[in-house]
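A short write-up of the structure that comes next.
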Amino acid sequence: MKPLRSLLMAPLRAFSELKLLGVLLVANLCVALVQSAPVLLPALGHFGHSLAGRGRAFPSPEAVFDFTQLLAQGGGSFLAGPLLLGFVFSVGLQLVLAGGIVSQLCTPGRFSLAHFARNCVDQLGRNLRLLGWALLGLLPLAALAVLATVLLARAEKPTLFTLAAEQWALDNPFTGWSLAHLALVVVLFALWRSSFDLARVQLFADDQRKTRVAAWRALKQMVRSPGALLGYIVLGLLGLLAVIALARLHSAVQVTSTGKAWLALGMAQLVIATRLGFSVAHTVFAVDIYRAMPPRPVPALEEKPAPAAEPPAVETPAPQAE
(Lines give C-alpha, C1' and ligand atoms only; values in the text may rest on other atoms or scores of the structure.)
Protein backbone atom coordinates (compact mmCIF):
# COMPACT_ATOMS: atom_id res chain seq x y z
CA MET A 1 0.00 0.00 0.00
CA LYS A 2 1.18 3.56 -0.81
CA PRO A 3 -0.21 5.71 2.03
CA LEU A 4 0.45 9.03 0.27
CA ARG A 5 -1.35 8.00 -2.91
CA SER A 6 -4.26 6.57 -0.93
CA LEU A 7 -4.38 9.74 1.15
CA LEU A 8 -4.76 11.87 -1.98
CA MET A 9 -7.21 9.57 -3.77
CA ALA A 10 -9.52 8.77 -0.83
CA PRO A 11 -11.26 12.19 -0.70
CA LEU A 12 -11.57 12.29 -4.51
CA ARG A 13 -13.16 8.85 -4.57
CA ALA A 14 -15.46 9.70 -1.64
CA PHE A 15 -16.77 12.98 -3.08
CA SER A 16 -17.28 11.34 -6.49
CA GLU A 17 -19.94 9.08 -4.93
CA LEU A 18 -22.60 11.77 -5.26
CA LYS A 19 -25.60 9.47 -4.94
CA LEU A 20 -24.14 7.81 -1.86
CA LEU A 21 -23.49 11.21 -0.26
CA GLY A 22 -27.01 12.27 -1.18
CA VAL A 23 -28.49 9.27 0.63
CA LEU A 24 -26.34 9.98 3.69
CA LEU A 25 -27.31 13.66 3.66
CA VAL A 26 -31.03 12.84 3.49
CA ALA A 27 -30.63 10.36 6.35
CA ASN A 28 -28.80 13.01 8.37
CA LEU A 29 -31.60 15.51 7.73
CA CYS A 30 -34.16 12.98 8.95
CA VAL A 31 -32.21 12.52 12.18
CA ALA A 32 -31.97 16.31 12.57
CA LEU A 33 -35.73 16.65 12.15
CA VAL A 34 -36.38 13.95 14.72
CA GLN A 35 -33.97 15.63 17.11
CA SER A 36 -35.36 19.14 16.66
CA ALA A 37 -39.07 18.24 16.54
CA PRO A 38 -39.54 18.34 20.35
CA VAL A 39 -38.17 21.91 20.30
CA LEU A 40 -39.67 23.21 17.06
CA LEU A 41 -43.23 22.05 17.58
CA PRO A 42 -43.77 23.98 20.85
CA ALA A 43 -42.01 27.00 19.31
CA LEU A 44 -44.25 26.97 16.24
CA GLY A 45 -47.31 26.57 18.43
CA HIS A 46 -46.21 29.51 20.57
CA PHE A 47 -45.14 31.94 17.84
CA GLY A 48 -47.51 30.97 15.04
CA HIS A 49 -46.65 30.27 11.42
CA SER A 50 -43.20 31.93 11.39
CA LEU A 51 -40.60 33.66 13.55
CA ALA A 52 -40.27 36.29 10.80
CA GLY A 53 -43.79 37.67 11.35
CA ARG A 54 -44.87 41.12 12.45
CA GLY A 55 -43.00 42.75 9.53
CA ARG A 56 -39.55 42.55 11.12
CA ALA A 57 -36.27 41.17 9.80
CA PHE A 58 -35.52 37.52 10.44
CA PRO A 59 -34.84 36.79 13.21
CA SER A 60 -36.37 39.66 15.14
CA PRO A 61 -34.83 40.45 18.55
CA GLU A 62 -38.25 40.16 20.19
CA ALA A 63 -38.78 36.68 18.80
CA VAL A 64 -35.32 35.53 19.87
CA PHE A 65 -35.90 36.86 23.38
CA ASP A 66 -39.30 35.17 23.62
CA PHE A 67 -37.83 31.92 22.30
CA THR A 68 -35.08 32.06 24.96
CA GLN A 69 -37.72 32.48 27.66
CA LEU A 70 -39.65 29.53 26.22
CA LEU A 71 -36.54 27.34 26.47
CA ALA A 72 -35.94 28.50 30.05
CA GLN A 73 -39.46 27.48 31.05
CA GLY A 74 -38.83 23.91 29.97
CA GLY A 75 -35.69 23.50 32.06
CA GLY A 76 -32.88 21.09 31.30
CA SER A 77 -35.15 18.20 30.33
CA PHE A 78 -36.59 20.30 27.50
CA LEU A 79 -33.19 20.28 25.77
CA ALA A 80 -31.69 17.06 27.17
CA GLY A 81 -34.46 14.91 25.67
CA PRO A 82 -33.92 15.96 22.03
CA LEU A 83 -30.13 15.74 22.40
CA LEU A 84 -30.30 12.20 23.79
CA LEU A 85 -32.86 11.19 21.14
CA GLY A 86 -30.69 12.62 18.37
CA PHE A 87 -27.61 10.80 19.68
CA VAL A 88 -29.40 7.45 19.79
CA PHE A 89 -30.82 7.89 16.29
CA SER A 90 -27.46 9.04 14.92
CA VAL A 91 -25.55 6.05 16.30
CA GLY A 92 -28.26 3.64 15.18
CA LEU A 93 -28.32 5.14 11.69
CA GLN A 94 -24.54 4.80 11.38
CA LEU A 95 -24.80 1.09 12.22
CA VAL A 96 -27.63 0.57 9.75
CA LEU A 97 -25.89 2.35 6.86
CA ALA A 98 -22.41 0.90 7.47
CA GLY A 99 -23.00 -2.25 5.44
CA GLY A 100 -24.30 -0.35 2.42
CA ILE A 101 -21.42 2.14 2.48
CA VAL A 102 -18.77 -0.59 2.64
CA SER A 103 -20.44 -2.61 -0.12
CA GLN A 104 -20.59 0.39 -2.45
CA LEU A 105 -16.90 1.20 -1.89
CA CYS A 106 -15.68 -2.40 -2.12
CA THR A 107 -17.58 -3.11 -5.34
CA PRO A 108 -17.35 0.12 -7.35
CA GLY A 109 -20.02 0.57 -9.95
CA ARG A 110 -23.33 2.22 -10.55
CA PHE A 111 -25.15 3.09 -7.35
CA SER A 112 -28.32 1.11 -6.76
CA LEU A 113 -30.58 2.07 -3.87
CA ALA A 114 -32.08 -1.43 -3.68
CA HIS A 115 -28.63 -3.03 -3.60
CA PHE A 116 -27.52 -0.49 -1.00
CA ALA A 117 -30.52 -1.20 1.24
CA ARG A 118 -30.09 -4.98 0.91
CA ASN A 119 -26.46 -4.81 2.02
CA CYS A 120 -27.42 -2.55 4.92
CA VAL A 121 -29.82 -5.20 6.20
CA ASP A 122 -27.51 -8.16 5.48
CA GLN A 123 -24.52 -6.68 7.32
CA LEU A 124 -26.42 -5.17 10.25
CA GLY A 125 -26.09 -8.19 12.56
CA ARG A 126 -22.35 -8.55 11.95
CA ASN A 127 -21.76 -4.83 12.46
CA LEU A 128 -23.65 -4.95 15.77
CA ARG A 129 -21.48 -7.82 16.99
CA LEU A 130 -18.37 -6.04 15.73
CA LEU A 131 -19.37 -2.92 17.67
CA GLY A 132 -19.42 -5.01 20.85
CA TRP A 133 -15.87 -6.25 20.21
CA ALA A 134 -14.76 -2.73 19.26
CA LEU A 135 -16.09 -1.28 22.52
CA LEU A 136 -14.34 -4.06 24.42
CA GLY A 137 -11.09 -3.24 22.60
CA LEU A 138 -11.52 0.44 23.42
CA LEU A 139 -11.22 -0.24 27.16
CA PRO A 140 -7.46 -0.96 27.31
CA LEU A 141 -6.68 1.98 25.01
CA ALA A 142 -8.78 4.32 27.15
CA ALA A 143 -7.10 2.93 30.28
CA LEU A 144 -3.70 3.67 28.75
CA ALA A 145 -4.72 7.29 28.03
CA VAL A 146 -6.07 7.72 31.58
CA LEU A 147 -2.90 6.20 33.04
CA ALA A 148 -0.74 8.66 31.09
CA THR A 149 -2.92 11.55 32.35
CA VAL A 150 -2.59 10.43 35.97
CA LEU A 151 1.18 9.98 35.70
CA LEU A 152 1.63 13.44 34.18
CA ALA A 153 -0.63 14.99 36.81
CA ARG A 154 1.39 13.41 39.64
CA ALA A 155 4.57 14.68 38.01
CA GLU A 156 2.96 18.15 37.92
CA LYS A 157 3.09 18.27 34.14
CA PRO A 158 0.16 20.05 32.45
CA THR A 159 -2.20 18.35 30.05
CA LEU A 160 -5.09 19.78 28.08
CA PHE A 161 -7.51 17.59 30.05
CA THR A 162 -6.41 18.71 33.53
CA LEU A 163 -6.09 22.47 33.06
CA ALA A 164 -8.52 24.73 34.89
CA ALA A 165 -10.74 27.17 33.01
CA GLU A 166 -8.76 30.22 34.14
CA GLN A 167 -5.52 28.65 32.90
CA TRP A 168 -7.05 28.33 29.43
CA ALA A 169 -7.85 32.05 29.50
CA LEU A 170 -4.68 33.41 31.14
CA ASP A 171 -1.88 30.96 30.27
CA ASN A 172 -0.75 29.18 27.14
CA PRO A 173 -2.21 25.65 27.42
CA PHE A 174 -0.06 24.27 24.60
CA THR A 175 3.23 23.15 26.10
CA GLY A 176 5.54 20.31 25.18
CA TRP A 177 3.98 17.90 27.69
CA SER A 178 0.39 18.83 26.83
CA LEU A 179 1.01 18.42 23.09
CA ALA A 180 2.75 15.07 23.64
CA HIS A 181 -0.17 13.84 25.73
CA LEU A 182 -2.63 15.07 23.10
CA ALA A 183 -0.66 13.27 20.37
CA LEU A 184 -0.81 10.05 22.41
CA VAL A 185 -4.58 10.33 22.81
CA VAL A 186 -5.03 11.05 19.09
CA VAL A 187 -2.88 8.05 18.09
CA LEU A 188 -4.76 5.72 20.43
CA PHE A 189 -8.15 6.90 19.18
CA ALA A 190 -7.05 6.67 15.54
CA LEU A 191 -5.73 3.14 16.15
CA TRP A 192 -9.09 2.09 17.57
CA ARG A 193 -11.20 3.80 14.91
CA SER A 194 -9.08 2.70 11.94
CA SER A 195 -9.09 -0.93 13.08
CA PHE A 196 -12.87 -0.71 13.51
CA ASP A 197 -13.29 0.59 9.93
CA LEU A 198 -10.89 -2.02 8.57
CA ALA A 199 -12.75 -4.81 10.37
CA ARG A 200 -16.05 -3.68 8.78
CA VAL A 201 -14.42 -3.90 5.36
CA GLN A 202 -13.19 -7.43 6.12
CA LEU A 203 -16.66 -8.56 7.18
CA PHE A 204 -18.04 -7.71 3.75
CA ALA A 205 -15.07 -8.43 1.47
CA ASP A 206 -14.13 -11.80 3.01
CA ASP A 207 -17.70 -12.72 3.95
CA GLN A 208 -16.23 -13.12 7.44
CA ARG A 209 -18.77 -14.32 9.98
CA LYS A 210 -16.48 -14.39 13.03
CA THR A 211 -16.41 -10.75 14.05
CA ARG A 212 -13.87 -11.44 16.81
CA VAL A 213 -11.35 -12.70 14.26
CA ALA A 214 -11.95 -9.72 11.99
CA ALA A 215 -11.50 -7.23 14.84
CA TRP A 216 -8.27 -8.83 16.05
CA ARG A 217 -6.83 -9.15 12.54
CA ALA A 218 -7.61 -5.49 11.78
CA LEU A 219 -5.99 -4.30 15.00
CA LYS A 220 -2.82 -6.26 14.29
CA GLN A 221 -2.67 -4.87 10.76
CA MET A 222 -2.94 -1.25 11.95
CA VAL A 223 -0.27 -1.80 14.64
CA ARG A 224 2.08 -3.21 11.99
CA SER A 225 1.36 -0.36 9.53
CA PRO A 226 2.49 2.94 11.08
CA GLY A 227 2.38 4.65 7.66
CA ALA A 228 -1.26 3.69 7.17
CA LEU A 229 -2.11 4.84 10.70
CA LEU A 230 -0.39 8.18 10.08
CA GLY A 231 -2.30 8.60 6.82
CA TYR A 232 -5.56 7.88 8.63
CA ILE A 233 -4.72 10.61 11.18
CA VAL A 234 -3.75 13.13 8.49
CA LEU A 235 -7.00 12.42 6.62
CA GLY A 236 -8.95 13.10 9.79
CA LEU A 237 -7.09 16.38 10.37
CA LEU A 238 -7.79 17.48 6.79
CA GLY A 239 -11.49 16.76 7.27
CA LEU A 240 -11.52 18.68 10.55
CA LEU A 241 -9.86 21.73 8.97
CA ALA A 242 -12.26 21.66 6.01
CA VAL A 243 -15.31 21.51 8.30
CA ILE A 244 -13.95 24.35 10.48
CA ALA A 245 -13.30 26.55 7.44
CA LEU A 246 -16.80 25.99 6.02
CA ALA A 247 -18.34 26.52 9.46
CA ARG A 248 -16.60 29.89 9.65
CA LEU A 249 -18.08 30.83 6.27
CA HIS A 250 -21.48 29.71 7.51
CA SER A 251 -21.19 31.86 10.63
CA ALA A 252 -20.30 34.89 8.47
CA VAL A 253 -23.74 34.81 6.80
CA GLN A 254 -25.91 37.36 8.59
CA VAL A 255 -29.54 36.23 8.46
CA THR A 256 -31.45 39.48 7.86
CA SER A 257 -33.93 38.27 5.24
CA THR A 258 -35.60 35.14 3.95
CA GLY A 259 -33.04 34.80 1.16
CA LYS A 260 -30.18 34.99 3.65
CA ALA A 261 -31.95 32.38 5.78
CA TRP A 262 -32.05 29.96 2.83
CA LEU A 263 -28.38 30.74 2.12
CA ALA A 264 -27.47 29.95 5.71
CA LEU A 265 -29.41 26.69 5.50
CA GLY A 266 -27.57 25.76 2.30
CA MET A 267 -24.21 26.55 3.87
CA ALA A 268 -25.11 24.37 6.85
CA GLN A 269 -25.88 21.46 4.53
CA LEU A 270 -22.54 22.01 2.78
CA VAL A 271 -20.77 21.73 6.12
CA ILE A 272 -22.60 18.48 6.89
CA ALA A 273 -21.91 17.08 3.39
CA THR A 274 -18.20 17.82 3.85
CA ARG A 275 -18.18 15.97 7.15
CA LEU A 276 -19.97 13.00 5.59
CA GLY A 277 -17.61 13.03 2.61
CA PHE A 278 -14.51 12.77 4.78
CA SER A 279 -16.20 10.04 6.82
CA VAL A 280 -16.68 8.07 3.58
CA ALA A 281 -13.06 8.90 2.66
CA HIS A 282 -11.89 7.12 5.82
CA THR A 283 -13.74 4.00 4.68
CA VAL A 284 -12.13 4.33 1.22
CA PHE A 285 -8.74 4.51 2.96
CA ALA A 286 -9.62 1.37 4.95
CA VAL A 287 -10.50 -0.43 1.70
CA ASP A 288 -7.05 0.43 0.33
CA ILE A 289 -5.45 -0.94 3.50
CA TYR A 290 -7.45 -4.15 3.14
CA ARG A 291 -6.37 -4.66 -0.47
CA ALA A 292 -2.72 -4.41 0.59
CA MET A 293 -3.14 -7.01 3.33
CA PRO A 294 -1.96 -10.59 2.80
CA PRO A 295 -4.82 -12.97 2.03
CA ARG A 296 -6.58 -14.58 4.93
CA PRO A 297 -5.21 -18.09 5.56
CA VAL A 298 -7.67 -20.80 4.67
CA PRO A 299 -7.52 -23.93 6.86
CA ALA A 300 -6.37 -26.94 4.86
CA LEU A 301 -8.83 -29.75 4.44
CA GLU A 302 -7.93 -32.98 6.20
CA GLU A 303 -7.09 -35.74 3.74
CA LYS A 304 -9.18 -38.79 4.34
CA PRO A 305 -7.37 -42.15 3.97
CA ALA A 306 -8.28 -43.96 0.79
CA PRO A 307 -10.54 -46.99 1.41
CA ALA A 308 -8.76 -50.32 1.30
CA ALA A 309 -9.20 -52.26 -1.92
CA GLU A 310 -11.65 -55.08 -1.55
CA PRO A 311 -10.34 -58.56 -2.45
CA PRO A 312 -11.64 -59.86 -5.76
CA ALA A 313 -14.74 -61.93 -5.46
CA VAL A 314 -14.17 -65.69 -5.85
CA GLU A 315 -16.63 -67.21 -8.22
CA THR A 316 -18.21 -70.37 -6.84
CA PRO A 317 -18.79 -72.95 -9.59
CA ALA A 318 -22.39 -73.81 -10.05
CA PRO A 319 -23.35 -77.47 -9.34
CA GLN A 320 -23.62 -79.53 -12.48
CA ALA A 321 -26.96 -81.10 -13.24
CA GLU A 322 -26.96 -84.90 -13.18
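The values are calculated or read from the model by the stated rules, or taken from the named source; none is laboratory data. Model, not experiment: these values are computed from the prediction. So basically every Cβ, Gly included, is an ideal-geometry build from the backbone, and we count neighbours across all protein chains shown.
Tell me which of these residue 160 doesn't satisfy, since it passes every other one: (1) hydrophobic (A, V, I, L, M, F, W, C); (2) touching a Ser or Thr at 6+ places or on another chain (Cβ under 6 Å); (3) in a helix (DSSP H, G or I).
The failed condition is (3).
What single numbered condition from (1) of a type outside the set (A, V, I, L, M); (2) outside any helix (DSSP H, G or I); (3) touching a residue at least 40 places away in the same chain (Cβ under 8 Å) fails to hold for residue 137?
Single failed check for residue 137: (2).
Which of the following residues is modelled with pLDDT of 90 or more and out of contact with any His (no Cβ under 8 Å at 6 or more places or on another chain): 108, 82, 140, 158?
Working: 108 fails: modelled with pLDDT of 90 or more; 82 fails: modelled with pLDDT of 90 or more; 158 fails: modelled with pLDDT of 90 or more.
Only one candidate passes the filter, namely 140.
Confirm whether residue 130 is at negative phi and either surrounded by fewer than 19 Cβ atoms within 10 Å (Cβ to Cβ) or part of a loop (DSSP other than H, G, I, E, B) (or both). Steps first, please.
Details: at negative phi: yes; either surrounded by fewer than 19 Cβ atoms within 10 Å (Cβ to Cβ) or part of a loop (DSSP other than H, G, I, E, B) (or both): no.
Answer is no for this residue.
Looking at region 209-228 only, could you name the residues that are under 13 Å from residue 290 (Cα atoms) and outside any helix (DSSP H, G or I)?
If the condition is that a residue be under 13 Å from residue 290 (Cα atoms) and outside any helix (DSSP H, G or I), then 225 is the only one that fits.
Out of the residues in region 194-214 that are aliphatic (A, V, I, L, M) and surrounded by fewer than 21 Cβ atoms within 10 Å (Cβ to Cβ), which is nearest to residue 160 (Cα to Cα)? Working first, answer last.
Of the residues in region 194-214, the ones aliphatic (A, V, I, L, M) are 198-199, 201, 203, 205, 213-214.
The next check asks that each one be surrounded by fewer than 21 Cβ atoms within 10 Å (Cβ to Cβ); those that pass are 205, 213.
On the way: 205: 40, 213: 36 Å.
Out of the qualifying residues, it is 213.
If I ask for residues that are part of a loop (DSSP other than H, G, I, E, B) and either surrounded by 12 or more Cβ atoms within 10 Å (Cβ to Cβ) or of a type in the set (Gly, Ala, Ser) (or both), which ones from region 140-157 would you list? Spell out how you get there, then give the answer.
So the first thing to find is which residues in region 140-157 are part of a loop (DSSP other than H, G, I, E, B), and the list is 155-157.
Residues satisfying the conditions are 155, 157.
What residue, of 238, 191, 219, is at pLDDT 90 or above, surrounded by 15 or more Cβ atoms within 10 Å (Cβ to Cβ) and over 16 Å from the mean Cα position of the chain (by Cα)? Before you say what the answer is, go through the steps one by one.
On the way: 238 fails: over 16 Å from the mean Cα position of the chain (by Cα); 191 fails: over 16 Å from the mean Cα position of the chain (by Cα).
So the residue among 238, 191, 219 that is at pLDDT 90 or above, surrounded by 15 or more Cβ atoms within 10 Å (Cβ to Cβ) and over 16 Å from the mean Cα position of the chain (by Cα) is 219.
Could you grab the pairs with beta carbons closer than 6 Å, sequence gap of 6+ or different chains, first residue in region 84-98 and more than 11 Å from residue 35 (Cβ to Cβ), second one among the basic types (Lys, Arg) and in a helix (DSSP H, G or I)?
98/200
Read through the list (1) in a helix (DSSP H, G or I); (2) surrounded by 16 or more Cβ atoms within 10 Å (Cβ to Cβ), then give the number of the only condition that residue 255 fails.
Unmet condition: (1).
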